[in-house]
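Asks: Sharing a structure with you now.
The values are calculated or read from the model by the stated rules, or taken from the named source; none is laboratory data. Only a predicted model underlies this, so the values are computations on that prediction, with no experimental measurement involved. Calculation scope for accessible area: heavy atoms of the full protein, side chains included, ligands and nucleic acids excluded. Shrake-Rupley method; radii C 1.70, N 1.55, O 1.52, S 1.80 Å.
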Amino acid sequence: MAVRAIVEYPQQILRERCEPVEAFGERIGRLLDDLAESMYANKGVGLAAPQIGQTHRAVVIDVEQREGQPKLVELVNPEILERSSEMREGDEGCLSFPGEWEKVVRPARVRARAFDRRGEPFEIEAEGMLARAIQHELDHLDGVLFIDHLSRLKRSLIDRRMRKRASKAS
Ligand code: NI
């Protein structure tokens, strides 16, 4: 396992559509381990493969670590099967946007299907923060970022701050 550098906006890889995982084995296990370790090291509640530079359809989520009860969820080739019509607003941030937080409106509940690291399919039903995290992380696999759910004004303010940050870093 290793902590990987987090890719920050506006790097282009965050806009790519990720490839389905076809071989379940050591490599996908290593990717999931790196994702989890990188997420925990950065105190995130979720991390998607493109955020560590890997364009595979894999994400990790742990919305309970903050209460001191880590509960890791690994999703490979995930798909949302159902979204509630009820919507909910909540604060959202992203490790690829350090320091940026905004309110995002999303379906309150989702049901999703995914594979575990051994290639076994399973379903997950979620509400609250877990439902939000699942939607946020799955968006990453299609190159969609949380700023895409904001008003154009808010999006452009964040875009400007992030570009400034990137130009200072380089
Ligand atoms: Ni994110």
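Asks: Just the number please: accessible area per residue for the chain, 1.4 Å probe, all protein chains included, in Å².
Replies: Heavy-atom accessible area per residue stands at 55 Å².
Asks: Out of the total accessible area of segment 1-107 (probe 1.4 Å, heavy atoms of protein only), what percent is carbon and sulfur?
Replies: Details: 2540 of 5730 Å².
Whole-percent figure for carbon plus sulfur exposure: 44.
Asks: May I pose another question? Using Cα pairs under 8 angstrom and six or more residues apart, how large is the relative contact order of segment 14-170, in percent?
Replies: 24 percent.
Asks: Excluding residues on the same chain fewer than 8 positions from Lys164, give the lysines whose Cα lies under 26 Å from its Cα.
Replies: Lys43, Lys103, Lys154
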